[in-house]
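For reference, the structure is listed below as structure tokens.
The values are calculated or read from the model by the stated rules, or taken from the named source; none is laboratory data. Fair warning: this is a prediction, and the values are worked out from it, not measured in the lab. Every residue, glycine among them, receives a Cβ derived from its backbone with ideal geometry; neighbour counts consider all protein chains shown.
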Number of protein chains: 2
Amino acid sequence: MATVYEATASAPVNIAVIKYWGKRDTKLILPTNSSLSVTLDQDHLRSTTTSRADPSFTEDRLWLNGKVDEITPGSRLATCIAEMKRLRKETVEDKDPNAPKLSTYKVHIASYNNFPTAAGLASSASGFAALVASLAQLYALPASPSTLSLIARQGSGSACRSLFGGFVAWEMGALPSGEDSLAVEIAPREHWPQMHALICVVSDDKKGTSSTSGMQRTVDTSPLLQHRIAHVVPQRMAAISDAIRARDFDTFARITMADSNQFHAVALDTEPPIFYMNDVSRAIIALIVEYNRLALAQGKGYKAAYTYDAGPNAVIYALEENIKEIAQLVTAYFPQRAGEFKDVLGLYGDAAKDINSEAKVPEGFNEAVAKRFEVGAVKGLIHTRVGDGPRRLPASESLLAPSGLPKTLA
Amino acid sequence: MATVYEATASAPVNIAVIKYWGKRDTKLILPTNSSLSVTLDQDHLRSTTTSRADPSFTEDRLWLNGKVDEITPGSRLATCIAEMKRLRKETVEDKDPNAPKLSTYKVHIASYNNFPTAAGLASSASGFAALVASLAQLYALPASPSTLSLIARQGSGSACRSLFGGFVAWEMGALPSGEDSLAVEIAPREHWPQMHALICVVSDDKKGTSSTSGMQRTVDTSPLLQHRIAHVVPQRMAAISDAIRARDFDTFARITMADSNQFHAVALDTEPPIFYMNDVSRAIIALIVEYNRLALAQGKGYKAAYTYDAGPNAVIYALEENIKEIAQLVTAYFPQRAGEFKDVLGLYGDAAKDINSEAKVPEGFNEAVAKRFEVGAVKGLIHTRVGDGPRRLPASESLLAPSGLPKTLA
């Protein structure tokens, strides 16, 4: 019986606190500024990918959530696969004549996201990270996560940050080749496991601007972006890295919110302007601003930090001890469908079936900062926390059947 | 019978196309950057003020829309009145011993806005301009509008621009005294009478941040504001002034929209962030962006320019020939209450009673750029045009009764 060359890996979602917005090289995906993210727990949100190399395969093929995803020549997908084959050849096969020539085989790749695309959570980051991680395992590469991040970056910029758990910087680099534009770990999850996140999935009426086209328009037209790149981000990268190392939530929160605001400010400074936040997003900001005002008045410092990517969803970072209070506050303004909330971290215990009954506004909170919304304005809450990097999964978790086709087709 | 020393003046609203946002001196109201506005026709929107000086008056008193408005010592109102009395003394009474000593008399002032405060149109600009204009007439001052603008500025920054008709720059000046921070005319209304405006009065759920406190927070916390002040506004002031002189609507529109966006961008870059536009404002932007895209595709250049002040209302500048098409487009997405629209410039003729029946989207317009809203989302449309500066009104228009109290009390 022939050896099966296959590997299955999972990779996490990451949510930036210093935002990546703007490329200086669109082909290599080299950013105009460094960025920094928190990796979320893949027990809750993850992409899983199985890669198999086989001499009988006639072409590279990929299925995403059970549906064929064409690998167009010259596409980002094709680039990542080609780069991984090149690494296999150079770092393994050229050095060991006995190593099987996997780089010459075609690959079949099946990938699956355990969260709905409709949730508006960037699935390209975890997706490309899982792709690269599974190929790295398949090819038995000696490469470090930072080296792999160079390749994941060429699939989707922010994917490079999903090759680490914990707190991750994507150093923009300076070389035209992109060799120094890679992800590095600022601190592992174990350094600050109290860092939790509450994701508010916000309904959206309209189709937004894709981040790929949006960020290029900003680069081309926003007079403010250049100032952000040259003068604001470098200082914030240093300050928030220090805050993470010192477990200084107060500083972490202040910078996180300022940088989310500034990213949306440069999007708005674009011609024509780009809007990702809507009235619901803005109401959540108003709640967090007031929640922090109260905490500051009580001498407790900032207790929550909102951040928004290229969409209306809010991700609220907070320490574990404050998450329930924040969830209760959000629920007071945005009632949830009964049974919708998955209480995976045991926030509510038995009451999780109807978290609306636990909705509560902290004493001293100015309730007039936002109006109360209808059920559905925030269509879901996801409670998660800082997580680890890509994982190697056992063969039993393979997404490919012995035939080399996905076990589940859409 | 004693002489009655009284004057009545009206003054227009102005809507900035290069935005004033940020003070370098909060007491003198010296701005961090120059700004530029279009004066709107006071046949439609105006403040009217009657000022009377009388030796029998025991204190300076003011009524706004028939309601007492306290003149607090040290307030902006008190400053403006004191400055006008000083000008009377220095430029008239000290030079002509026969001139009545009006500067020593107390004044009664009645002011009235013909547009509802609820409309969210900055009434402080027209209000302070009318105050200063009426006192200047009462005191028979030889002062030029630019000189008067120095005083109106100390009441409300943007009021200085309402002392001219047409297209008006407020030069920020450089002196700490503020002597060179004044309004100048770029072009009179007659230069470009085809410049019209359609104001979309947008409903707002929440109380916004006052512009006085908002702009100071931006000055204190926005890293992007300094770049705007130093590098963006000076270039835009020169370019839009040239565009006005050349009647180049295309350039005028492009800069107007970019500057509105950038003002809201620096508001968003503030800690905590300031939002003035809501989902309805954003939908109107989407309509204008698509309307211009279509016009550009047809080789016609930009045909409309939106601008938003510190509130959700849209002011759409356009040439007269395109206003009806724009009103029809807006009405297609934002149906109006029947009979609500005042067709003062004869846009619709007999059809003005129900402009919804005339709603229409231009051929080739991508209708998916915004959803259709319910009646009331845009609660009113006001069609107006570039207008003249303050007017002297006959005694018959006086707002004060012979008693020295307002004819109409609220």
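The set of residues from region A:15-74 being among the small types (Gly, Ala, Ser) and touching a Pro at 6+ places or on another chain (Cβ under 7 Å) comprises A:22, A:66. Test residue B:177 against the stated conditions and say whether it is more than 24 Å from residue B:236 (Cβ to Cβ), polar (S, T, N, Q) and part of a loop (DSSP other than H, G, I, E, B). For residue B:177, the condition - more than 24 Å from residue B:236 (Cβ to Cβ), polar (S, T, N, Q) and part of a loop (DSSP other than H, G, I, E, B) - is met.
Looking only at residues in region A:151-177 that are free of Cβ contacts under 8 Å to residues at least 40 places away in the same chain and crowded, with 18+ Cβ neighbours inside 10 Å, the one that is farthest from residue A:241 (Cα to Cα) is A:159. Those helices (runs of 4 or more DSSP H) of region A:208-316 in which at least 2 residues are closer than 16 Å to residue B:262 by Cα and at the interface with chain B (Cβ under 9 Å from one of its Cβ atoms), considering only elements entirely within it, cover A:223-227, A:249-268.
Scanning region B:170-179 for residues that are in the same structural domain as residue B:129 (by TED's automatic domain parsing), closer than 30 Å to residue B:301 by Cα and under 18 Å from the mean Cα position of the chain (by Cα) turns up at least one hit.
Annotation: of all residues in region B:343-360 being under 23 Å from residue B:203 (Cα atoms) and in contact with a helix residue (DSSP H, G or I) (Cβ under 7 Å, 6 or more places away or on another chain), the one that is farthest from the other protein chains (Cβ to nearest Cβ) is B:343. Could you tell me whether residue A:130 is away from every other protein chain (no Cβ under 14 Å), of a type outside the set (Ser, Thr, Tyr), in contact with a Lys or Arg (Cβ under 7 Å, 6 or more places away or on another chain) and in contact (Cβ under 8 Å) with a residue 12 or more places away in the chain? For residue A:130, the condition - away from every other protein chain (no Cβ under 14 Å), of a type outside the set (Ser, Thr, Tyr), in contact with a Lys or Arg (Cβ under 7 Å, 6 or more places away or on another chain) and in contact (Cβ under 8 Å) with a residue 12 or more places away in the chain - is not met.
The conditions of being surrounded by 24 or more Cβ atoms within 10 Å (Cβ to Cβ), in contact with a helix residue (DSSP H, G or I) (Cβ under 9 Å, 6 or more places away or on another chain) and assigned to a helix (DSSP H, G or I) are not met by residue A:332. Summed over region B:369-387, the residues that are away from chain A (no Cβ under 14 Å) and either hydroxyl-bearing (Ser, Thr, Tyr) or surrounded by fewer than 17 Cβ atoms within 10 Å (Cβ to Cβ) (or both) give a count of 3. In region A:1-63, counting only strands (runs of 3 or more DSSP E) that sit wholly within it, the ones holding 3 or more residues that are under 12 Å from the mean Cα position of the chain (by Cα) span A:14-18, A:35-39.
Of all residues in region B:211-227, those that are closer than 13 Å to residue B:29 by Cα have Cβ atoms under 7 Å from Cβ atoms of residues that are not in a loop (DSSP other than H, G, I, E, B) and not hydroxyl-bearing (Ser, Thr, Tyr), 6 or more apart or on another chain, in B:215/B:23; B:216/B:23.
One residue alone among B:83, B:93 is in contact (Cβ under 8 Å) with a residue 60 or more places away in the chain, buried (at least 17 other Cβ atoms within 10 Å of the Cβ) and over 20 Å from the mean Cα position of the chain (by Cα), and that residue is B:83.
Has region A:265-277 got any residue that is out of contact with any strand residue (DSSP E or B) (no Cβ under 7 Å at 6 or more places or on another chain) and among the hydroxyl-bearing types (Ser, Thr, Tyr)? Yes, region A:265-277 contains at least one residue that is out of contact with any strand residue (DSSP E or B) (no Cβ under 7 Å at 6 or more places or on another chain) and among the hydroxyl-bearing types (Ser, Thr, Tyr). Of all residues in region A:66-96, those being assigned to a helix (DSSP H, G or I) and either touching a His at 6+ places or on another chain (Cβ under 6 Å) or not small (Gly, Ala, Ser) (or both) number 16.
When the test is whether a residue is out of contact with any Cys (no Cβ under 7 Å at 6 or more places or on another chain), surrounded by fewer than 23 Cβ atoms within 10 Å (Cβ to Cβ) and either in contact (Cβ under 8 Å) with a residue 60 or more places away in the chain or closer than 18 Å to residue B:135 by Cα (or both), residue B:65 passes it. With respect to the conditions (1) at the interface with chain A (Cβ under 10 Å from one of its Cβ atoms); (2) in contact with a strand residue (DSSP E or B) (Cβ under 9 Å, 6 or more places away or on another chain), residue B:180 falls short on a single one, namely (1). Has region B:350-370 got any residue that is touching a Gly at 6+ places or on another chain (Cβ under 7 Å), assigned to a loop (DSSP other than H, G, I, E, B) and touching a residue at least 60 places away in the same chain (Cβ under 8 Å)? No. Residue-level analysis places residue B:366 among those that are within 14 Å of chain A (Cβ to nearest Cβ), over 26 Å from residue B:267 (Cβ atoms), touching a helix residue (DSSP H, G or I) at 6+ places or on another chain (Cβ under 8 Å) and not aromatic (Phe, Trp, Tyr). Counting only residues that are of a type in the set (Asp, Glu) and out of contact with any Phe, Trp or Tyr (no Cβ under 8 Å at 6 or more places or on another chain), region B:42-57 holds 1 of them. Could you tell me whether residue B:187 is within 28 Å of residue B:330 (Cα to Cα) and either within 11 Å of chain A (Cβ to nearest Cβ) or touching a Lys or Arg at 6+ places or on another chain (Cβ under 8 Å) (or both)? So residue B:187 fails the test.
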